[in-house]
Amino acid sequence: MAYLGRRGHLTLVLRNLAQLDMEQRRTAGAQANQAKRTLEEALARRTQELEDARLAMSATQERLDVTLPGYPVTGGRLHPTTRIIREVCEAFVAMGFSVVEGPEVEWDRYNFELLNIPKGHPARDMWNTLWVDYQDPAGQQSMLLRTHTSPMQARVMESQQPPVRVIVPGKVYRYEATDATHEWHFHQVEGLAVDDGITFADLKGTLYEFARRMFGSERKVRFRCDYFPFVEPGVDMSIDCFACGGKGSGCRICRDSGWIEIMGAGMVHPKVLAGVGYDTAKYTGFAFGLGPERIAMLKYGIDDIRHFYANDLRFLRQF
Ligand code: DAH
């Protein structure tokens with residue numbers, strides 16, 4: 001800097017050469033240029049020496065052992081619940097349903113009232129509810145963590161006219177003490193089809209086709225009466241046990257019965273259709289709801305629902 005820099009001694013000498021007379025200029029110029037070259041060469045040499053020394057040092061002290069085994073790159077995988085949800089959705093999409101999702105924090109009106117479960121009705125006891133400490137500004141509506149995906153039935157119908165054919169996967173929440181078959185949070189897949197002239201035969205045909213796609217083409221299905229306030233009639237659907245082939249005796253999966261319950265279903269209650277303004281003289285429909293964790297437990301032989309969300313990689317790596 002002091003010599004070669006923009007204001008260095010040598011630079012100034014060279015710049016001021018013009019002020020000297022011809023003779024002086026020639027000798028001074030030659031000397032100054034010689035000095036400049038010498039300095040520049042010395043500088044370059046020293047820079048190179050320092051760089052070589054730095055490299056030599058890092059080669060000895062920061063040596064990389066390229067023979068050390070690297071860190072293994074593990075492939076990710078889908079959570080068993082996600083896999084089942086995708087399989088279920090694919091089966092219904094192939095039958096013309098579309099997939100929609102809805103809010104996990106829900107109004108009482110959608111979770112209960114529009115599903116024919118008015119305030120104070122004992123059917124509310126079927127869903128142990130986590131209430132959210134918030135009311136709408138008019139003070140009329142309470143909020144909750146949805147206890148099932150069924151509220152989306154009303155939301156979808158409010159937003160469109162028939163034909164409706166939707167499938168709704170999502171998380172649901174219950175005020176529940178956990179044990180091997182109960183979790184406070186799990187998933188459901190809801191289904192809804194509404195149109196002019198839909199009958200119970202459509203329900204049976206659609207769900208039968210689903211069972212065969214999901215559990216194998218030789219599956220048999222069984223419908224029995226069940227009660228859900230938002231359907232009439234309501235049923236539970238079982239498939240013949242895929243583990244023992246329906247024989248039953250000594251089977252852990254179907255607990256000796258030969259049948260496995262896989263979902264609730266039914267014909268949409270006219271009050272539910274009327275609640276969203278549908279013409280009940282014209283339209284009918286069917287609905288169903290199933291639990292992917294339950295299906296995964298059956299399919300993969302998982303004996304405790306709490307494994308799903310315990311984040312234990314030893315569990316998750318099996319799928
Ligand atoms: N929402 C019900 C539950 O959480 C499941 C269900 C049953 C959904 C029957 C339906 C249905 O759509 O028709 O237990």
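Do we find a residue being surrounded by 19 or more Cβ atoms within 10 Å (Cβ to Cβ), closer than 28 Å to residue 116 by Cα and in the same structural domain as residue 155 (by TED's automatic domain parsing) anywhere in segment 239-259? No, segment 239-259 contains no residue that is surrounded by 19 or more Cβ atoms within 10 Å (Cβ to Cβ), closer than 28 Å to residue 116 by Cα and in the same structural domain as residue 155 (by TED's automatic domain parsing). Screening 164, 168 for residues that are surrounded by 16 or more Cβ atoms within 10 Å (Cβ to Cβ) and within 11 Å of the ligand (Cβ to nearest atom) leaves exactly one candidate, 168. Checking the stated criteria, residue 277 turns out not to satisfy the condition of being in contact with a Cys (Cβ under 8 Å, 6 or more places away or on another chain) and farther than 30 Å from residue 184 by Cβ.
Applying a threshold of 8 Å to beta carbon distances and a minimum spacing of six or more residues, or different chains, the list of pairs starting in segment 96-114 at a residue that is among the polar types (S, T, N, Q) and ending at one that is assigned to a loop (DSSP other than H, G, I, E, B) reads 111/127; 111/129; 111/146; 111/147; 111/148; 111/150. Please verify whether residue 149 is free of Cβ contacts under 8 Å to residues at least 40 places away in the same chain and either of a type in the set (Val, Ile, Thr) or part of a strand (DSSP E or B) (or both), treating the condition exactly as stated. No. No other residue among 228, 186 is assigned to a strand (DSSP E or B), under 30 Å from residue 132 (Cβ atoms) and among the aromatic types (Phe, Trp, Tyr) apart from 186. Applying the condition of being surrounded by fewer than 14 Cβ atoms within 10 Å (Cβ to Cβ) and of a type outside the set (Gly, Ala, Ser) to segment 281-305 and asking which residue is modelled with the highest pLDDT yields 282.
Is one or more of the residues making up segment 268-277 within 31 Å of the chain's Cα centre (by Cα) and in a strand (DSSP E or B)? Yes, some residue in segment 268-277 is within 31 Å of the chain's Cα centre (by Cα) and in a strand (DSSP E or B). Within segment 172-181, being within 13 Å of the ligand (Cβ to nearest atom) and farther than 20 Å from residue 230 by Cβ holds for one residue alone: 176.
Anything in segment 116-160 that is away from the ligand (no atom under 16 Å from the Cβ), of a type outside the set (Asp, Glu) and touching a strand residue (DSSP E or B) at 6+ places or on another chain (Cβ under 9 Å)? List them, or say none. 131, 132, 134, 135, 141, 142, 143, listed by residue number. Of 49, 90, 23, all but one fail to be assigned by TED's automatic domain parsing to the domain that holds residue 195, assigned to a helix (DSSP H, G or I) and either exposed (fewer than 10 other Cβ atoms within 10 Å of the Cβ) or not small (Gly, Ala, Ser) (or both); the exception is 90. Tell me which residues, restricted to segment 275-284, are within 15 Å of the ligand (Cβ to nearest atom) and over 24 Å from residue 171 (Cα atoms). Within segment 275-284, 275, 284 meet the criteria.
Taken over segment 15-31, residues that are hydrophobic (A, V, I, L, M, F, W, C) and under 19 Å from residue 4 (Cα atoms) amount to 4.
Considering each residue of segment 198-206 in turn, none proves to be among the charged types (D, E, K, R), within 15 Å of the ligand (Cβ to nearest atom), within 24 Å of residue 103 (Cα to Cα) and in the same structural domain as residue 243 (by TED's automatic domain parsing).
Residue-by-condition table, conditions (1) within 16 Å of the ligand (Cβ to nearest atom); (2) touching a His at 6+ places or on another chain (Cβ under 9 Å); (3) farther than 20 Å from residue 113 by Cβ:
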{"site": "273", "(1), (2), (3)": "yes, no, no"}
{"site": "289", "(1), (2), (3)": "yes, yes, no"}
{"site": "295", "(1), (2), (3)": "yes, no, yes"}
{"site": "304", "(1), (2), (3)": "no, no, yes"}
{"site": "313", "(1), (2), (3)": "no, no, yes"}
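The values are calculated or read from the model by the stated rules, or taken from the named source; none is laboratory data. As the structure is a computational prediction, the values presented were derived from the model and not from experiment. Methodologically, a virtual Cβ is constructed for each residue, glycine included, from the backbone with ideal geometry; neighbour enumeration extends over all protein chains shown.
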